[in-house]
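A.B. asks: Dropping a structure here in C-alpha cells format, bear with me for questions.
The values are calculated or read from the model by the stated rules, or taken from the named source; none is laboratory data. Note that this is a predicted model, so its numbers are computed, not measured. A quick note on method: Cβ atoms are made from the backbone with ideal geometry, for glycine too, and the neighbour counts reach across all protein chains shown. Surface areas here come from the heavy atoms of the whole protein model, side chains and all, with no ligands, DNA or RNA. Shrake-Rupley method; radii C 1.70, N 1.55, O 1.52, S 1.80 Å.
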Amino acid sequence: MGAIREVSESLLSGALNPEDYPPMVPRFEREEVAPGVHFVSAFANVVAFETADGLVMVDVGSFLFSERTREVLRSDVKAPLHSAIYTHGHVDHCFGVEHYEAEPAAKPVQIVAHSAVKRRFDRYKLTRGYNTHINQRQFQVGHEFPGEFREPSVTFEESLEFSVGGRTFQLRHSLGETDDHAWVWEPQSKVLCTGDLFIWASPNCGNPQKAQRYPR
C-alpha cells in the first residue's frame, strides 16, 4: 500500500487526526492504486486508467491547478489521453483537457458527462461576476471565475456504459453535491470513482449564497 492509501486508511480508521491532514490542501502526489490505475492527489483529485487505446481520466483538474496536476501524472504515465469523464461540472474538476491535447501526437479528447453539465456551464457564463465575488469571499482568493468551458461531447441521463482499449466504464447519475453528478465503476480493476459524492464532511449540505445540495 502506498503513502496516499495509507493516509486515507488511517484517517478513516481514526488513527490519524484529520486536522493534521487538511482535505483542502492538495498533496500533488501520484500513486498506482491498482494495475494501470493512477490516482493523483490534487484539488480536485483525478484518476487515470491506462488502456490499449490511451488514458481514460475521471476528472482532469481545476482551473487553477490543472497543469500542475498533469505534470504530476506525467512524471510516470506517458500514454496520450483518449477520454475524460467529468464527475460533475464544478470548476475544480473539469479543466485541463487542452493541456493533454497540446502534447505531441495527441488527438482530440472525447469528453463524457451528465447532460446537466452543459446547463451548469451556461449558468456559470451568465453569472461569472457573481461567482467571482462569492468565491473570493469563501476561499479568500483573488482569481477570476472562469468564463469559458470545454463542454462534453458525449452525454447521458441515467446511465452509460462504454469501452476504451479493453476497459469498460460504467457511469451512473446521482444527486449529491450537484444535480449533474456521476460516479464511475471500472469492473476490471474494481476501482470506484466517486467524485464529490465522497468528501471529508457529512452531511454535504452546501455553501452560503450558492446552489444548495442533496445531502440525503
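A.B. asks: Report the trypsin sites (Lys or Arg not before Pro) located in region 51-151 that are in a DSSP loop and have at most 11 other Cβ atoms inside 10 Å of their Cβ, or state none.
C.D. replies: Loop-located and lightly packed - 78.
A.B. asks: In whole angstrom, note down how far apart the Cα centers of region 99-113 and region 160-211 are.
C.D. replies: 22
A.B. asks: Over region 82-216, what is the mean sequence separation of C-alpha contacts under 8 Å (at least six apart), divided by residue count, expressed as relative contact order in percent?
C.D. replies: 22
A.B. asks: I would also like to ask the following. Which ³J(HN,Hα) values, rounded to whole Hz and listed in residue order, are derived for region 31-41 from phi using the Karplus coefficients 6.51, -1.76 and 1.60 in 6.51 cos²θ - 1.76 cosθ + 1.60 with θ = phi - 60°, glycine and proline given as x?
C.D. replies: Per-residue couplings from phi come out as 9, 7, 8, 7, x, x, 10, 10, 10, 10, 7 Hz.
A.B. asks: Taking amide H atoms as placed 1.01 Å from N in the peptide plane, list the residues 5 or more away in sequence, or in a different chain, whose amide H sits under 5 Å from that of residue 51.
C.D. replies: Excluding prolines and chain starts, which carry no amide H, the hits are 56.
A.B. asks: Further, regarding this structure: Spelling out what I want: for every residue of region 199-208, take phi, set θ = phi - 60°, compute 6.51 cos²θ - 1.76 cosθ + 1.60 (Karplus), and round to whole Hz; glycine and proline get x.
C.D. replies: 9, 8, 7, 7, x, 8, 8, x, 10, x
A.B. asks: Pull out the extension gain between residue 98 and residue 199, defined as 0.36 nm times the separation in residues minus the alpha carbon to alpha carbon distance; nm, one decimal.
C.D. replies: Working it through step by step, the gained length comes to 33.7 nm.
A.B. asks: Taking 0.36 nm per intervening residue step and subtracting the Cα-Cα distance, what contour gain separates residue 5 from residue 28 on full extension?
C.D. replies: Stretched fully, the residue 5-residue 28 segment lengthens by 6.9 nm.
A.B. asks: Need one word for region 1-126: rounded, prolate or oblate. Basis is the Cα gyration tensor (sqrt eigenvalues a ≥ b ≥ c); a/c below 1.5 gives rounded, then a/b vs b/c decides.
C.D. replies: In terms of gyration-tensor shape, oblate.
A.B. asks: Where nothing but the Cβ of Lys and Arg (+1) and of Asp and Glu (-1) is charged, how large is the charge dipole of the chain around its Cα centre, in debye to the nearest 20?
C.D. replies: Taking the Cα centre of the chain as origin, the dipole is about 520 debye.
A.B. asks: Under 1.5 on a/c is rounded, so check that first for region 71-191, then, if it is not, pick prolate when a/b is larger than b/c and oblate when it is not; a ≥ b ≥ c are the square roots of the alpha carbon gyration tensor eigenvalues.
C.D. replies: Oblate shape, in that a/c is at least 1.5 and b/c is the bigger or equal ratio.
A.B. asks: Also, quick follow-up: If you roll a 1.4 Å probe over the chain with all protein chains in place, what percent of the accessible area is carbon or sulfur?
C.D. replies: On the chain, the fraction of accessible area on carbon and sulfur atoms equals 52 percent.
A.B. asks: How large is the Kirkwood hydrodynamic radius of region 25-64, counting all unique pairs of alpha carbons, in Å?
C.D. replies: That comes to 10.5 Å for region 25-64.
A.B. asks: Can you give me the orientation-averaged projected area of the convex hull built on the Cα atoms of the chain, in nm²?
C.D. replies: 12.0
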